[in-house]
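Structure first, then comments.
Nothing in this text is a laboratory measurement; each read-out follows from the coordinates by a stated rule. What you see is a predicted model, and the numbers here were worked out from it, not measured in a lab. Note that we place each Cβ from the backbone using ideal geometry, even for glycine, and neighbour counts take in every protein chain shown.
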Amino acid sequence: MPLYDLLTGFNLYTWSFSIASAVFLIGIIYRIIGFFRLSIGPQRTGFTTTSRINAFLLGLSGILVSPVRILHLFKAVLLDVVLQLPLMRQNFLKWFMHICIYWGFAGLFFFHALEGYVSEVIFPGYQSTLSPFMFLRNIAGVMVMVGVGIAIYRRKTNFRLKQISRHRDYLAIALLGLIMISGFGLEAAKIISSGIFYDMVEEYGSLDEEELPALKAVWQEEFNVQFPGEVVQVTPELMEEGRILNEDNCTVCHSNPKEAFVSYPLSIAMKPVAGFFNRHRLDALILKIHFLSCFFGLAYLPFSKFLHILTTPVSLIISGIAGQQIERDENKATRRVFDLSACTECGTCTSHCAVGPLYEIFDNPWVFPSERVIRIRESAWGRPMDPESRDAFSQGSFICTMCNKCSQLCPAGLNLQDIWKATRDRLEMESLPDPVIRIRELLKKHESKKPALDTPLVIKPGENPVVESLKKSFQGATFSNCYTCLICTNSCPVVAVTGETREFGSAPHQVIHALVLGQTELAKDASIVWNCLTCYKCQENCPQGVRITDIFYQLKNIVHHQEFGI
């Protein structure tokens, strides 16, 4: 059986489209329900799915009745979604990549894939084989291909993007590439296909048998149709007759395919294999590959990073209207889950993360904010973590300094700061608090086992390894400048709240003085080291330039290394 007959033996298009549409709708409904059902952070009593939907509808109605918010809505749609100006201000190449993929794919989707519902309604007499539609379709396809090329280039050359790229990132790029390449290949195969020419003549033409050679001559010479196994006579008289026939029968639906500035040169390159293509009707095979890849993308969209095509514009609009100032707790809970699905995994947060370089020390991918977003999203949708991974995730979460730079730079408008805070709260409830707190609890246990100090401290001669390491440090070496003026203690907000300075270790000057005396064990166990707010007031006010807060950091790092070996 010929390949063409085999492929057209049943309506593959209708079945595959129906299945893909059903999977897409089920996936979208599942995601929407999840936005109002799932939670990031501690579970709140009274936060039912119904209450969250009601809070969302109430907030939406508040936007619709407020002229100021409607103005912000239009501004967000135009500047943030359509033009993506915040992204352009960050990085022109990344903006250009997004614009190419976004607008190119949108053009192909609305004016080509949905041509029966959009193009034919907007443009009277529309046919996909007319100009300027062939030209515009090729422009849109080239835009997507350029965007895909830039995406691959950035993934391969950007140091941070290389570290966080996954197989599914390349799968998304490959699927887009397959859709575009098969689209151009299909158009080129149609241009050279004698089978499509004969189908067109049979279905639409009103030619006599003796007129057909003239039309074939014109379509071979000017439209690049190939007729394998046939010798098409070409004479000036025949060409003139053929042009008249073409004008009377074909120009209403067909322009010269040279307007397809990508597909037409590709069809010329396919001439050597035109006979094989036409005998086996491989244009039908390419058609199947093209629409099946499109339908696979449609079905895959709700369950992949492609979902951000739908959710990111909404997130940008929410950010443009409310920023990070959503009032109702129910809407905050809903936005956290929604924001996770709006993440484009572009790596902007990771590229600008202040603690990103710590990955080279800890080899923990969850130091990167983009990786934490993915892991939090997976956990929210039901993928658990084993204890070892959860401990590593806790470390990555609490290393974050909560500087909010990631939220301010996120091109998708995500409120990452709120997600980090909720995640930390959840980890603390699961007995995975900040490592500093965990070490402090360990020190308390160690302290309870130590004998009481009944005798005065004895200063032991010789080198102390901790003191020596501090002396070799730019920050730590300054402790020897201290002359116990108490300015650090007087400016410390922790001391101001507790009012306690009599017990050793409750004040900054005591820790520095202990280091001067070589009593490093006392210094490491001091409560002020672990209760420090890192406000830097002591360090800023020290007349001797002692880097007190930095010394506290180093003491905590030393203890962390002793307790956990990292």
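Here are the numbers for the structure shown:
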| quantity | calculated |
| --- | --- |
| Net length gained if the chain between Gln408 and Ser131 were fully extended (0.36 nm per residue, minus Cα distance) | 95.3 nm |
| Principal-axis tilt of helix 212-222 within the chain, Cα atoms, nearest 10 degrees | 40 |
| Cα shape, region 89-247, gyration tensor, a/c 1.5 rule | prolate |
| Sites Ser480 and Phe159 - FRET efficiency at Förster radius 45 Å, r taken between beta-carbons, to 0.05 | 0.70 |
| Relative contact order %, region 192-277, counting alpha carbon pairs below 8 Å whose residues are six or more apart | 38 |
| Phi-based couplings in Hz for region 331-343 (Karplus 6.51, -1.76, 1.60; Gly and Pro marked x) | 6, 4, 5, 5, 5, 4, 5, 5, 4, 4, 7, 8, 5 |
| Helix axis angle, 236-249 relative to the chain longest principal axis, alpha carbon, degrees | 70 |
| Residues Trp103 and Glu388, FRET efficiency given R0 of 41 Å [Cβ-Cβ distance, rounded to 0.05] | 0.40 |
| Virtual spin-label span in nm between Asp329 and Glu360, 7 Å along Cα→Cβ | 4.3 |
| Cβ-Cβ FRET estimate between Val252 and Ala174, R0 fixed at 35 Å, reported to 0.05 | 0.35 |
| Pair Asn541, Leu85: separation of 7 Å Cα→Cβ label points (nm) | 4.5 |
| Whole-Hz ³J(HN,Hα) from phi, Karplus 6.51 cos²θ - 1.76 cosθ + 1.60, for region 293-306, glycine and proline x | 5, 5, 6, 4, x, 5, 5, 7, 3, x, 10, 9, 5, 4 |
| Given charges at Cβ of Lys, Arg, Asp, Glu: the chain dipole, positive-most of Pro508, Val234, Gln84 | Pro508 |
| Whole-Å distance, taken between Cα centres, linking region 343-377 and region 268-323 | 29 |
| Fewest-first ranking of Trp95, Trp420, using other Cβ atoms within 10 Å as the exposure measure | Trp95, Trp420 |
| Value of [θ]222 nm, deg cm²/dmol, for the chain, DSSP H segments ≥ 4, -39500 (n - 2.57) each, nearest 500 | -19500 deg cm²/dmol |
| Sequence-separation-based contact order of region 1-159, relative, with Cα cut under 8 Å and 6+ spacing, percent | 17 |
| Label-point separation in nm, Glu237 to Val121, each point 7 Å along Cα→Cβ | 5.3 |
| Computed lengthening from Glu203 to Ser18, 0.36 nm per intervening residue step minus Cα-Cα distance | 63.9 nm |
